[in-house]
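Presented below is the structure to which this report refers.
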Amino acid sequence: MSAPRDPEELGTTTEPAHATIDDDTTVGAVHLTVADLQRSLDYYRSQIGLAVLEQAGGEASLGAGERELLHLAEQPGASPSDGYTGLYHFALLVPQRIHLAAWLAHAARDRVGLTGMSDHFVSEALYLRDPDGHGIEIYWDRPRDGWEGQVADRMTTLPLDVDSILNELDDPANAPFDGLPDGTVMGHVHLKVAEIASTVGFYSDVLGFALMAQLGPMAAFFAAGGYHHHLGSNTWESAGAQPPPDGSAALRHATILLPDSAGRDRVAGRLEHAGIDVVDHGGDPLVRDPSGNALVLALA
């Protein structure tokens, strides 16, 4: 079975596990290294529709409304991190289907390059890559009552009905696009990992996310509170790989948002019990998964 470029192509080989992490856990801002900050800011503002919230000292925060979704740090000359573990894509979740339609109409008018378009049953998604090769997904979720409890059996990859999405708009050719709407959140983060079994052990058994679906030794998807997935992982481009070397345009860290300090302390306790190193990152715990991907445990 050949690996997809970006869509989450799935099959299931296991029943979902029970989550022990707090049901209200989500994911937050993704931190990336880029080779040219101005080039990246131009791209994320004009092509993706994010707004710059802060910029100083070779770094910038971007978001929708006042919510930070992406943090970029410049390292001039940084090379793409293909062939290593790290970020597969981060996924921006828009509130309604009409917002996905507005973005798609903008992409068609303004020639935004896409790498894929997929219907995952639980969601409809568009895929692309930024100038450094970082993967991006923009998607909306179908109503939860239509897929909850069916993720392991029904989440899949099918062709996207582009015409149906654009029909949400009265006039796609002239529909306004003023950026991603307030209410856009980081829906999930999909990681490149070296091996799936240890990844499942870390994210499910230690952190406490439910294993929602697994494609044998190739991919696994995890969530809190019955969501289809907050974290994805695959070996399609990274089986047996090492973390990217210094000087790469790569994932600095993803953020897991816990609802309160008590819940975070419980996760930290499980990490300590498992003998996994936790370091301080500006007052928040930072931990690395078995493939070297860094996660910061922050409070929502």
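The values are calculated or read from the model by the stated rules, or taken from the named source; none is laboratory data. These numbers come from a predicted model, not from an experiment. Glycine gets a Cβ as well: all are built from the backbone with ideal geometry, and neighbour counts include every protein chain shown. Heavy atoms of the whole protein, side chains included, go into the accessibility calculation; ligands, DNA and RNA do not. Shrake-Rupley method; radii C 1.70, N 1.55, O 1.52, S 1.80 Å.
Of the set (1) under 25 Å from Val278 (Cα atoms); (2) free of Cβ contacts under 8 Å to residues at least 24 places away in the same chain, all apply to Asn174 but (1). Condition first: buried (at least 18 other Cβ atoms within 10 Å of the Cβ) and hydrophobic (A, V, I, L, M, F, W, C). Now tell me which residues in segment 283-293 satisfy that. Hit for segment 283-293 is Val287, nothing else.
Would you be able to say whether some residue in segment 221-232 is closer than 22 Å to Gly133 by Cβ, in contact with a Leu (Cβ under 9 Å, 6 or more places away or on another chain), in contact (Cβ under 8 Å) with a residue 12 or more places away in the chain and buried (at least 20 other Cβ atoms within 10 Å of the Cβ)? Yes; the residues of segment 221-232 include at least one that is closer than 22 Å to Gly133 by Cβ, in contact with a Leu (Cβ under 9 Å, 6 or more places away or on another chain), in contact (Cβ under 8 Å) with a residue 12 or more places away in the chain and buried (at least 20 other Cβ atoms within 10 Å of the Cβ).
Screening segment 140-161 for residues that are open to solvent by 30 Å² or more (accessible area, probe 1.4 Å) and among the β-branched types (Val, Ile, Thr) and picking the one that is nearest to Leu215 (Cα to Cα) gives Thr156. In segment 91-103, the residues that are among the charged types (D, E, K, R) reach residues that are in a helix (DSSP H, G or I) with C-beta atoms within less than 8 angstrom, at least six apart or across chains, in these pairs: Arg97/Ile165. Just so you know, in segment 38-65 the residues that are part of a helix (DSSP H, G or I) and small (Gly, Ala, Ser) include one that is farthest from the chain's Cα centre (by Cα), and it is Ser46. The residue pairs whose first member lies in segment 36-50 and is within 16 Å of Phe90 (Cα to Cα), whose second member is open to solvent by 40 Å² or more (accessible area, probe 1.4 Å), and whose beta carbons are closer than 6 Å, counting only pairs six or more residues apart or on different chains, are Tyr43/Pro131.
Does Gly247 satisfy the criteria of being small (Gly, Ala, Ser), free of Cβ contacts under 8 Å to residues at least 60 places away in the same chain and open to solvent by 20 Å² or more (accessible area, probe 1.4 Å)? Walk me through how you get there before you give the answer.
On the way: small (Gly, Ala, Ser): yes; free of Cβ contacts under 8 Å to residues at least 60 places away in the same chain: no; open to solvent by 20 Å² or more (accessible area, probe 1.4 Å): yes.
It is false that Gly247 is small (Gly, Ala, Ser), free of Cβ contacts under 8 Å to residues at least 60 places away in the same chain and open to solvent by 20 Å² or more (accessible area, probe 1.4 Å).
The set of residues in segment 188-219 that are of a type in the set (A, V, I, L, M, F, W, C) and either outside any strand (DSSP E or B) or under 12 Å from Pro290 (Cβ atoms) (or both) comprises Leu191, Val193, Ala194, Ile196, Ala197, Val200, Phe202, Val206, Leu207, Phe209, Met218.
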